[in-house]
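The values are calculated or read from the model by the stated rules, or taken from the named source; none is laboratory data. Computed from a predicted model, the values in this text were never measured in an experiment. Methodologically, a virtual Cβ is constructed for each residue, glycine included, from the backbone with ideal geometry; neighbour enumeration extends over all protein chains shown. Just so you know, the surface numbers come from the protein's heavy atoms only, side chains and all, with ligands and any DNA or RNA stripped out. Shrake-Rupley method; radii C 1.70, N 1.55, O 1.52, S 1.80 Å.
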Amino acid sequence: MSNNAKIAAGGVAVGLLLLIWLPWWAALLIVLGVPAAAYLALDPSQRRRLRRARRRELGR
């Protein structure tokens, strides 16, 4: 299993646990808010590098 698949599986597991323990809106806020906060915490140069890497993976 690749690293990305492990991360995705862990994210799904955490999301399901949050749905069980918290109201659905709080779990959704956490699942969407944490990656958004992590992206906003990057420097502008790191954001550009991340966008370029995404484009390369898409074959653009």
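Of the residues that make up the stretch 16-26, is at least one surrounded by 12 or more Cβ atoms within 10 Å (Cβ to Cβ), aliphatic (A, V, I, L, M) and within 14 Å of the chain's Cα centre (by Cα)? No - not one qualifying residue is present in the stretch 16-26.
Taking the stretch 43-54, which residues are at pLDDT 85 or above and either open to solvent by 90 Å² or more (accessible area, probe 1.4 Å) or β-branched (V, I, T) (or both)? Within the stretch 43-54, R48, R49, R51, R52 qualify. Would you say L40 is out of contact with any strand residue (DSSP E or B) (no Cβ under 9 Å at 6 or more places or on another chain) and either among the polar types (S, T, N, Q) or open to solvent by less than 80 Å² (accessible area, probe 1.4 Å) (or both)? No.
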